[in-house]
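The values are calculated or read from the model by the stated rules, or taken from the named source; none is laboratory data. The structure presented is a predicted model; accordingly, all values stated were derived computationally and were not measured. FYI the Cβ positions are ideal-geometry reconstructions off the backbone, even for glycines, and counts take in every protein chain you see. Each accessible area value is taken on the protein alone, full model and side chains, heavy atoms only, with ligands, DNA and RNA left out. Shrake-Rupley method; radii C 1.70, N 1.55, O 1.52, S 1.80 Å.
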Amino acid sequence: MHSTVRVSLVWALCLILGACATPEPESVEPTPGLIAFTGARLILGDSNTVIENGTLIVRDGRIEASGDSVTVPVDAQLVDVSGKTIIPGLINAHGHVNNVRGLEADPAFYTEAHIENQLALYARYGVTTVFSLGGGGPTGVAVRDRATQDLNYARLYLAGPVITADSPEEATERVNAIADTDVDIIKIRVDDNLGGSQKMPPDVFTAVIDAAHARDLRVAAHLYYLDDAKQLLVAGADLIAHSVRDEAVDEELTTLLNEHDVCYCPTLMREVSTFVYESRPDWFDDPFFLREADPAVINELSSPAYQERIQNSRTAPIYKEALQQAKTNLKSLSDAGVGIAMGTDTGPAGRFQGFFEHKELELMVEAGLTPLQTIVASTGDAARCMHVDDHLGSLSPGKWADFIVLGANPLDDIRNTREIESVWISGNQVPSTE
(Lines give C-alpha, C1' and ligand atoms only; values in the text may rest on other atoms or scores of the structure.)
Protein backbone atom coordinates (compact mmCIF):
# COMPACT_ATOMS: atom_id res chain seq x y z
CA MET A 1 0.00 0.00 0.00
CA HIS A 2 1.27 3.50 -0.82
CA SER A 3 2.57 5.34 2.23
CA THR A 4 0.21 8.31 1.71
CA VAL A 5 -2.77 5.99 1.77
CA ARG A 6 -1.52 4.30 4.92
CA VAL A 7 -1.17 7.65 6.70
CA SER A 8 -4.68 8.69 5.65
CA LEU A 9 -6.11 5.43 6.98
CA VAL A 10 -4.30 5.88 10.26
CA TRP A 11 -5.68 9.41 10.75
CA ALA A 12 -9.17 8.21 9.82
CA LEU A 13 -8.93 5.51 12.46
CA CYS A 14 -7.66 8.08 14.97
CA LEU A 15 -10.64 10.31 14.29
CA ILE A 16 -13.07 7.43 14.70
CA LEU A 17 -11.50 6.14 17.92
CA GLY A 18 -10.50 9.57 19.31
CA ALA A 19 -7.12 8.19 20.19
CA CYS A 20 -4.77 10.58 18.42
CA ALA A 21 -5.27 13.86 20.29
CA THR A 22 -2.20 16.13 20.48
CA PRO A 23 -0.23 14.97 23.54
CA GLU A 24 -0.08 17.37 26.50
CA PRO A 25 3.35 18.97 26.84
CA GLU A 26 5.32 17.49 29.67
CA SER A 27 5.09 19.74 32.72
CA VAL A 28 8.28 21.45 33.81
CA GLU A 29 9.01 21.88 37.48
CA PRO A 30 9.79 25.57 38.22
CA THR A 31 13.37 26.17 39.24
CA PRO A 32 13.62 27.69 42.73
CA GLY A 33 14.81 31.28 42.59
CA LEU A 34 13.85 31.74 38.92
CA ILE A 35 10.90 34.11 38.42
CA ALA A 36 9.58 35.83 35.29
CA PHE A 37 7.48 38.97 35.76
CA THR A 38 5.61 39.49 32.50
CA GLY A 39 3.54 42.25 30.94
CA ALA A 40 4.58 45.22 33.07
CA ARG A 41 5.76 48.70 32.23
CA LEU A 42 9.44 48.78 33.23
CA ILE A 43 11.03 52.03 34.38
CA LEU A 44 14.68 51.02 34.33
CA GLY A 45 15.95 53.70 36.71
CA ASP A 46 19.45 54.26 35.34
CA SER A 47 18.24 56.29 32.34
CA ASN A 48 15.08 57.74 30.85
CA THR A 49 14.25 54.36 29.34
CA VAL A 50 10.69 53.13 29.84
CA ILE A 51 9.67 49.79 28.36
CA GLU A 52 6.01 49.11 27.77
CA ASN A 53 4.83 45.51 28.10
CA GLY A 54 8.20 44.28 29.32
CA THR A 55 9.51 41.18 31.04
CA LEU A 56 11.78 41.01 34.06
CA ILE A 57 13.67 37.80 34.78
CA VAL A 58 15.03 37.22 38.30
CA ARG A 59 17.39 34.36 39.06
CA ASP A 60 18.87 33.70 42.49
CA GLY A 61 18.14 37.20 43.73
CA ARG A 62 19.59 39.09 40.79
CA ILE A 63 18.14 40.47 37.59
CA GLU A 64 19.00 38.20 34.70
CA ALA A 65 17.21 40.08 31.92
CA SER A 66 14.78 42.96 31.36
CA GLY A 67 13.18 44.29 28.21
CA ASP A 68 10.42 43.84 25.66
CA SER A 69 11.96 40.90 23.76
CA VAL A 70 13.09 38.68 26.60
CA THR A 71 12.83 34.91 26.27
CA VAL A 72 11.14 33.46 29.33
CA PRO A 73 12.85 30.28 30.59
CA VAL A 74 10.47 27.32 30.49
CA ASP A 75 11.32 26.48 34.10
CA ALA A 76 10.60 29.97 35.48
CA GLN A 77 7.81 30.69 37.90
CA LEU A 78 5.49 33.07 36.05
CA VAL A 79 4.08 36.20 37.66
CA ASP A 80 1.61 38.06 35.47
CA VAL A 81 1.95 41.80 36.11
CA SER A 82 0.11 42.97 33.01
CA GLY A 83 -0.92 46.59 33.32
CA LYS A 84 1.35 47.17 36.32
CA THR A 85 4.50 49.27 36.54
CA ILE A 86 7.80 48.04 37.95
CA ILE A 87 10.38 50.51 39.23
CA PRO A 88 13.65 49.86 41.09
CA GLY A 89 13.43 50.01 44.85
CA LEU A 90 13.77 53.53 46.23
CA ILE A 91 17.17 54.52 47.63
CA ASN A 92 17.19 57.04 50.47
CA ALA A 93 20.58 58.72 50.32
CA HIS A 94 19.98 60.50 53.62
CA GLY A 95 17.88 58.80 56.24
CA HIS A 96 18.48 57.62 59.79
CA VAL A 97 18.16 54.20 61.37
CA ASN A 98 18.55 55.18 64.97
CA ASN A 99 17.47 55.00 68.61
CA VAL A 100 14.07 56.71 68.26
CA ARG A 101 10.82 55.01 69.23
CA GLY A 102 7.71 57.06 68.83
CA LEU A 103 8.83 60.54 69.79
CA GLU A 104 11.53 59.43 72.25
CA ALA A 105 15.22 58.80 71.74
CA ASP A 106 17.21 56.59 74.08
CA PRO A 107 20.56 54.86 73.50
CA ALA A 108 18.98 51.72 74.96
CA PHE A 109 16.66 51.57 71.95
CA TYR A 110 19.56 51.05 69.53
CA THR A 111 19.25 47.27 69.37
CA GLU A 112 19.51 44.87 66.45
CA ALA A 113 15.81 44.12 66.70
CA HIS A 114 14.87 47.81 66.58
CA ILE A 115 17.21 48.44 63.65
CA GLU A 116 15.67 45.55 61.73
CA ASN A 117 12.16 46.84 62.52
CA GLN A 118 13.03 50.23 61.06
CA LEU A 119 14.53 48.64 57.96
CA ALA A 120 11.43 46.47 57.53
CA LEU A 121 9.24 49.57 57.80
CA TYR A 122 11.25 51.33 55.11
CA ALA A 123 10.99 48.24 52.92
CA ARG A 124 7.21 47.94 53.21
CA TYR A 125 7.04 51.46 51.77
CA GLY A 126 9.29 50.48 48.87
CA VAL A 127 12.50 52.01 50.25
CA THR A 128 14.89 49.12 49.69
CA THR A 129 18.19 50.86 50.55
CA VAL A 130 18.89 53.42 53.29
CA PHE A 131 22.03 55.43 53.98
CA SER A 132 21.84 56.23 57.68
CA LEU A 133 23.84 59.44 57.95
CA GLY A 134 24.57 59.76 61.63
CA GLY A 135 23.60 58.05 64.83
CA GLY A 136 24.85 54.61 63.85
CA GLY A 137 27.26 52.33 65.60
CA PRO A 138 28.62 48.78 65.87
CA THR A 139 25.14 47.32 66.37
CA GLY A 140 24.06 48.76 63.04
CA VAL A 141 27.22 47.50 61.39
CA ALA A 142 26.37 44.01 62.65
CA VAL A 143 22.89 44.20 61.08
CA ARG A 144 24.38 45.53 57.84
CA ASP A 145 26.89 42.71 57.68
CA ARG A 146 24.24 40.06 58.28
CA ALA A 147 22.47 40.96 55.03
CA THR A 148 22.22 37.91 52.78
CA GLN A 149 20.48 36.85 49.61
CA ASP A 150 17.46 36.06 51.81
CA LEU A 151 17.15 39.72 52.81
CA ASN A 152 13.58 40.92 53.28
CA TYR A 153 14.21 44.32 54.83
CA ALA A 154 15.97 47.41 53.46
CA ARG A 155 19.71 47.34 52.86
CA LEU A 156 21.65 49.48 55.30
CA TYR A 157 24.74 51.63 54.81
CA LEU A 158 25.75 53.85 57.66
CA ALA A 159 27.92 56.56 59.07
CA GLY A 160 28.93 56.37 62.68
CA PRO A 161 28.27 59.25 65.06
CA VAL A 162 28.37 62.67 63.43
CA ILE A 163 31.89 64.04 63.84
CA THR A 164 32.28 66.86 66.35
CA ALA A 165 35.66 68.33 67.23
CA ASP A 166 37.26 71.53 68.52
CA SER A 167 40.53 71.21 66.64
CA PRO A 168 41.96 69.58 63.51
CA GLU A 169 43.88 67.12 65.69
CA GLU A 170 40.76 66.06 67.53
CA ALA A 171 38.88 65.79 64.23
CA THR A 172 41.50 63.43 62.80
CA GLU A 173 41.44 61.30 65.93
CA ARG A 174 37.66 60.96 65.87
CA VAL A 175 37.52 60.12 62.17
CA ASN A 176 40.04 57.34 62.70
CA ALA A 177 38.13 55.97 65.67
CA ILE A 178 34.90 55.84 63.70
CA ALA A 179 36.63 54.45 60.62
CA ASP A 180 37.90 51.60 62.78
CA THR A 181 34.26 50.53 63.34
CA ASP A 182 33.93 49.80 59.59
CA VAL A 183 31.38 52.45 58.65
CA ASP A 184 30.51 53.23 55.04
CA ILE A 185 30.74 57.02 55.09
CA ILE A 186 31.59 59.92 57.45
CA LYS A 187 29.10 62.66 58.37
CA ILE A 188 29.78 66.22 59.53
CA ARG A 189 27.59 69.19 60.38
CA VAL A 190 28.57 72.67 59.24
CA ASP A 191 25.63 74.70 60.48
CA ASP A 192 24.84 77.19 63.22
CA ASN A 193 21.18 76.14 63.52
CA LEU A 194 19.97 79.60 62.50
CA GLY A 195 22.34 81.29 64.94
CA GLY A 196 21.64 78.94 67.81
CA SER A 197 24.99 77.15 67.96
CA GLN A 198 28.65 77.35 66.97
CA LYS A 199 29.46 76.27 63.43
CA MET A 200 32.33 73.88 62.70
CA PRO A 201 35.19 76.07 61.36
CA PRO A 202 36.93 75.42 58.01
CA ASP A 203 40.20 74.12 59.48
CA VAL A 204 38.32 71.46 61.44
CA PHE A 205 36.04 70.29 58.63
CA THR A 206 39.00 70.24 56.26
CA ALA A 207 40.81 67.97 58.72
CA VAL A 208 37.77 65.68 58.86
CA ILE A 209 37.65 65.43 55.07
CA ASP A 210 41.38 64.80 54.74
CA ALA A 211 41.37 62.13 57.46
CA ALA A 212 38.33 60.40 55.98
CA HIS A 213 39.85 60.35 52.51
CA ALA A 214 43.03 58.88 53.96
CA ARG A 215 40.86 56.01 55.19
CA ASP A 216 39.09 55.70 51.79
CA LEU A 217 35.86 57.07 53.22
CA ARG A 218 33.66 59.70 51.66
CA VAL A 219 32.24 62.64 53.62
CA ALA A 220 28.61 63.76 53.65
CA ALA A 221 28.12 67.35 54.77
CA HIS A 222 25.09 68.73 56.60
CA LEU A 223 24.78 72.43 55.78
CA TYR A 224 22.37 75.32 55.32
CA TYR A 225 24.25 78.24 53.81
CA LEU A 226 25.47 78.75 50.25
CA ASP A 227 28.92 79.99 51.30
CA ASP A 228 29.47 76.92 53.45
CA ALA A 229 28.55 74.66 50.55
CA LYS A 230 31.23 76.28 48.40
CA GLN A 231 33.90 76.03 51.11
CA LEU A 232 33.07 72.39 51.75
CA LEU A 233 33.33 71.52 48.06
CA VAL A 234 36.69 73.25 47.78
CA ALA A 235 37.83 71.25 50.82
CA GLY A 236 36.75 68.00 49.14
CA ALA A 237 33.34 67.08 50.59
CA ASP A 238 31.74 64.21 48.68
CA LEU A 239 28.00 64.74 49.21
CA ILE A 240 25.88 67.79 49.96
CA ALA A 241 23.43 66.18 52.35
CA HIS A 242 20.84 68.98 52.59
CA SER A 243 19.54 71.78 50.42
CA VAL A 244 21.13 75.21 50.32
CA ARG A 245 18.36 77.24 51.89
CA ASP A 246 19.58 80.75 52.67
CA GLU A 247 19.71 82.11 49.12
CA ALA A 248 19.62 81.16 45.47
CA VAL A 249 22.36 78.87 44.23
CA ASP A 250 24.71 80.43 41.68
CA GLU A 251 26.98 79.46 38.83
CA GLU A 252 29.99 79.10 41.13
CA LEU A 253 28.27 76.41 43.21
CA THR A 254 26.97 74.65 40.12
CA THR A 255 30.45 74.58 38.61
CA LEU A 256 31.97 73.20 41.81
CA LEU A 257 29.36 70.46 42.07
CA ASN A 258 29.77 69.41 38.44
CA GLU A 259 33.56 69.67 38.32
CA HIS A 260 33.95 67.63 41.51
CA ASP A 261 31.14 65.24 40.52
CA VAL A 262 29.42 65.80 43.86
CA CYS A 263 25.72 65.10 44.23
CA TYR A 264 23.09 67.11 46.02
CA CYS A 265 20.53 65.61 48.40
CA PRO A 266 17.54 67.97 48.88
CA THR A 267 15.81 66.53 52.03
CA LEU A 268 12.80 68.77 51.46
CA MET A 269 10.66 66.87 53.96
CA ARG A 270 13.15 67.75 56.67
CA GLU A 271 11.99 71.36 56.37
CA VAL A 272 8.34 70.29 56.38
CA SER A 273 8.85 68.42 59.66
CA THR A 274 10.02 71.60 61.41
CA PHE A 275 6.76 73.49 61.00
CA VAL A 276 3.96 71.18 59.82
CA TYR A 277 2.82 70.16 63.31
CA GLU A 278 1.69 73.69 64.10
CA SER A 279 -1.67 72.23 63.04
CA ARG A 280 -2.97 68.79 62.18
CA PRO A 281 -1.47 67.64 58.84
CA ASP A 282 -3.86 66.32 56.21
CA TRP A 283 -1.85 63.12 55.96
CA PHE A 284 -2.93 62.13 59.46
CA ASP A 285 -6.09 60.90 57.70
CA ASP A 286 -4.26 59.25 54.80
CA PRO A 287 -4.64 55.43 54.76
CA PHE A 288 -1.16 55.10 53.21
CA PHE A 289 0.23 56.79 56.33
CA LEU A 290 -2.14 55.25 58.84
CA ARG A 291 -1.35 51.66 57.90
CA GLU A 292 2.03 51.99 59.69
CA ALA A 293 1.52 54.93 62.05
CA ASP A 294 1.42 54.69 65.83
CA PRO A 295 -1.86 56.24 67.07
CA ALA A 296 -0.11 57.45 70.22
CA VAL A 297 2.37 59.46 68.13
CA ILE A 298 -0.46 60.97 66.06
CA ASN A 299 -2.27 61.96 69.24
CA GLU A 300 0.84 63.57 70.71
CA LEU A 301 1.63 65.54 67.55
CA SER A 302 -2.02 66.64 67.30
CA SER A 303 -2.22 67.83 70.88
CA PRO A 304 -2.77 71.55 71.56
CA ALA A 305 0.38 71.69 73.68
CA TYR A 306 2.58 70.30 70.90
CA GLN A 307 0.99 72.54 68.28
CA GLU A 308 1.45 75.59 70.49
CA ARG A 309 5.13 74.75 70.89
CA ILE A 310 5.60 74.74 67.11
CA GLN A 311 3.49 77.89 66.69
CA ASN A 312 5.76 79.69 69.15
CA SER A 313 8.99 78.32 67.67
CA ARG A 314 11.51 80.92 66.55
CA THR A 315 12.88 78.70 63.79
CA ALA A 316 9.71 77.11 62.35
CA PRO A 317 8.66 80.12 60.20
CA ILE A 318 12.23 80.51 58.96
CA TYR A 319 12.39 76.88 57.85
CA LYS A 320 8.95 77.20 56.25
CA GLU A 321 10.29 80.00 54.06
CA ALA A 322 13.53 78.09 53.52
CA LEU A 323 11.55 75.20 52.00
CA GLN A 324 10.53 77.42 49.11
CA GLN A 325 14.15 78.43 48.51
CA ALA A 326 15.19 74.78 48.70
CA LYS A 327 12.66 73.81 46.02
CA THR A 328 13.81 76.61 43.74
CA ASN A 329 17.45 75.60 44.22
CA LEU A 330 16.68 71.95 43.49
CA LYS A 331 15.16 72.85 40.14
CA SER A 332 18.08 75.14 39.25
CA LEU A 333 20.71 72.53 40.05
CA SER A 334 18.84 69.76 38.28
CA ASP A 335 18.54 71.91 35.16
CA ALA A 336 22.30 72.56 35.35
CA GLY A 337 23.06 68.84 35.26
CA VAL A 338 24.01 68.38 38.91
CA GLY A 339 23.44 64.85 40.20
CA ILE A 340 20.43 64.69 42.49
CA ALA A 341 20.02 61.93 45.09
CA MET A 342 16.70 61.62 46.87
CA GLY A 343 16.94 61.92 50.65
CA THR A 344 14.61 62.84 53.46
CA ASP A 345 16.41 62.91 56.83
CA THR A 346 13.76 60.52 58.14
CA GLY A 347 14.24 58.73 61.44
CA PRO A 348 14.25 61.54 64.03
CA ALA A 349 11.01 62.09 65.92
CA GLY A 350 8.14 63.21 63.69
CA ARG A 351 9.95 62.26 60.47
CA PHE A 352 8.15 59.13 59.41
CA GLN A 353 10.32 56.47 57.79
CA GLY A 354 8.91 55.18 54.52
CA PHE A 355 5.97 57.54 54.25
CA PHE A 356 8.09 60.70 54.09
CA GLU A 357 10.02 59.29 51.13
CA HIS A 358 6.83 59.33 49.05
CA LYS A 359 6.06 62.84 50.24
CA GLU A 360 9.60 63.80 49.20
CA LEU A 361 8.90 62.58 45.66
CA GLU A 362 5.81 64.80 45.55
CA LEU A 363 7.80 67.84 46.66
CA MET A 364 10.49 67.15 44.07
CA VAL A 365 7.82 67.19 41.36
CA GLU A 366 6.34 70.35 42.88
CA ALA A 367 9.82 71.87 42.59
CA GLY A 368 9.71 71.31 38.83
CA LEU A 369 11.27 67.90 38.22
CA THR A 370 9.29 65.50 36.08
CA PRO A 371 8.03 62.27 37.61
CA LEU A 372 10.61 60.35 35.58
CA GLN A 373 13.45 62.61 36.73
CA THR A 374 12.28 62.17 40.30
CA ILE A 375 12.17 58.37 40.03
CA VAL A 376 15.66 58.27 38.47
CA ALA A 377 16.96 60.56 41.25
CA SER A 378 15.49 58.11 43.76
CA THR A 379 16.91 54.98 42.13
CA GLY A 380 19.71 54.89 39.57
CA ASP A 381 21.12 58.36 40.22
CA ALA A 382 20.95 57.89 43.99
CA ALA A 383 22.87 54.63 43.57
CA ARG A 384 25.49 56.36 41.43
CA CYS A 385 25.79 59.28 43.85
CA MET A 386 26.31 56.90 46.76
CA HIS A 387 28.73 54.66 44.82
CA VAL A 388 26.58 51.52 44.92
CA ASP A 389 25.43 51.52 41.31
CA ASP A 390 27.51 48.47 40.46
CA HIS A 391 24.85 46.33 42.13
CA LEU A 392 21.85 48.55 42.97
CA GLY A 393 19.57 51.21 41.53
CA SER A 394 18.22 49.86 38.25
CA LEU A 395 16.47 46.97 36.53
CA SER A 396 19.64 46.08 34.65
CA PRO A 397 21.09 42.58 34.32
CA GLY A 398 23.45 41.69 37.14
CA LYS A 399 21.91 44.07 39.69
CA TRP A 400 20.22 42.84 42.83
CA ALA A 401 16.51 42.29 42.22
CA ASP A 402 15.26 45.15 44.41
CA PHE A 403 12.07 46.56 42.91
CA ILE A 404 8.48 47.65 43.46
CA VAL A 405 5.38 46.49 41.59
CA LEU A 406 2.93 49.39 41.34
CA GLY A 407 -0.74 49.19 40.45
CA ALA A 408 -0.70 52.55 38.65
CA ASN A 409 1.70 54.51 36.47
CA PRO A 410 3.84 57.01 38.44
CA LEU A 411 4.70 58.82 35.21
CA ASP A 412 1.06 59.95 35.07
CA ASP A 413 1.06 61.07 38.71
CA ILE A 414 4.00 60.74 41.11
CA ARG A 415 1.54 59.90 43.87
CA ASN A 416 1.08 56.57 42.14
CA THR A 417 4.30 55.41 43.80
CA ARG A 418 1.97 54.81 46.72
CA GLU A 419 0.07 52.16 44.76
CA ILE A 420 2.39 49.45 46.02
CA GLU A 421 1.28 45.91 45.24
CA SER A 422 4.51 44.19 46.24
CA VAL A 423 8.11 44.99 47.16
CA TRP A 424 11.01 42.67 46.33
CA ILE A 425 14.53 42.67 47.76
CA SER A 426 17.08 40.20 46.41
CA GLY A 427 14.18 38.52 44.63
CA ASN A 428 12.34 37.97 47.94
CA GLN A 429 8.89 39.44 48.43
CA VAL A 430 8.85 41.72 51.46
CA PRO A 431 6.22 40.58 53.99
CA SER A 432 3.28 42.92 54.37
CA THR A 433 1.55 43.83 57.61
CA GLU A 434 -1.85 43.87 55.89
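Of all residues in segment 148-171 being among the hydrophobic types (A, V, I, L, M, F, W, C) and closer than 19 Å to ARG189 by Cβ, which is most open to solvent (accessible area, probe 1.4 Å)? Spell out the reasoning first.
Within segment 148-171, the subset among the hydrophobic types (A, V, I, L, M, F, W, C) is 151, 154, 156, 158-159, 162-163, 165, 171.
Then drop every residue that is not closer than 19 Å to ARG189 by Cβ, which leaves 158-159, 162-163, 165, 171.
Values: LEU158: 3, ALA159: 0, VAL162: 46, ILE163: 3, ALA165: 17, ALA171: 0 Å².
Only one residue fits best here, namely VAL162.
Taking the listed residues GLY380, GLY368, the one that is in contact with a helix residue (DSSP H, G or I) (Cβ under 8 Å, 6 or more places away or on another chain) and not hydrophobic (A, V, I, L, M, F, W, C) is GLY368, with no other qualifying. Of the helices (runs of 4 or more DSSP H) lying entirely inside segment 274-374, the ones with 3 or more residues being more than 23 Å from GLY126 (Cα to Cα) and open to solvent by less than 20 Å² (accessible area, probe 1.4 Å) are found at 316-335. Taking the criterion of being in a loop (DSSP other than H, G, I, E, B), farther than 20 Å from GLY398 by Cβ and hydroxyl-bearing (Ser, Thr, Tyr), the residues of segment 26-85 that qualify are SER27, SER82.
Kindly indicate the residue of segment 221-249 that is of a type in the set (A, V, I, L, M) and within 18 Å of ALA159 (Cβ to Cβ) and also most open to solvent (accessible area, probe 1.4 Å) among those meeting that condition. Give the steps one after another, and end with the answer.
Let us first name the residues in segment 221-249 that are of a type in the set (A, V, I, L, M), namely 221, 223, 226, 229, 232-235, 237, 239-241, 244, 248-249.
Narrowing further to those that are within 18 Å of ALA159 (Cβ to Cβ): 221, 223, 232, 235, 237, 239-241.
Working: ALA221: 0, LEU223: 0, LEU232: 0, ALA235: 23, ALA237: 4, LEU239: 1, ILE240: 3, ALA241: 0 Å².
Checked segment 221-249; the qualifying residue most open to solvent (accessible area, probe 1.4 Å) is ALA235.
Please work out which one of (1) farther than 26 Å from ILE87 by Cα; (2) crowded, with 17+ Cβ neighbours inside 10 Å; (3) β-branched (Val, Ile, Thr) is the condition ILE115 fails and give its number. Every condition holds for ILE115 apart from (1). Just one of the numbered conditions (1) hydrophobic (A, V, I, L, M, F, W, C); (2) open to solvent by 10 Å² or more (accessible area, probe 1.4 Å); (3) within 13 Å of the chain's Cα centre (by Cα) is not true of LEU90: (2).
To keep it simple, each residue is scored yes or no on (1) in contact with a helix residue (DSSP H, G or I) (Cβ under 7 Å, 6 or more places away or on another chain); (2) aromatic (Phe, Trp, Tyr); (3) closer than 19 Å to ALA229 by Cα; (4) open to solvent by 50 Å² or more (accessible area, probe 1.4 Å).
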{"site": "ALA142", "(1), (2), (3), (4)": "yes, no, no, no"}
{"site": "ARG146", "(1), (2), (3), (4)": "no, no, no, yes"}
{"site": "GLU173", "(1), (2), (3), (4)": "no, no, no, yes"}
{"site": "ARG189", "(1), (2), (3), (4)": "no, no, yes, yes"}
{"site": "GLN198", "(1), (2), (3), (4)": "no, no, yes, yes"}
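The residues of segment 23-70 that are surrounded by 13 or more Cβ atoms within 10 Å (Cβ to Cβ), acidic (Asp, Glu) and over 14 Å from ILE87 (Cα atoms), listed by number, are ASP60, GLU64.
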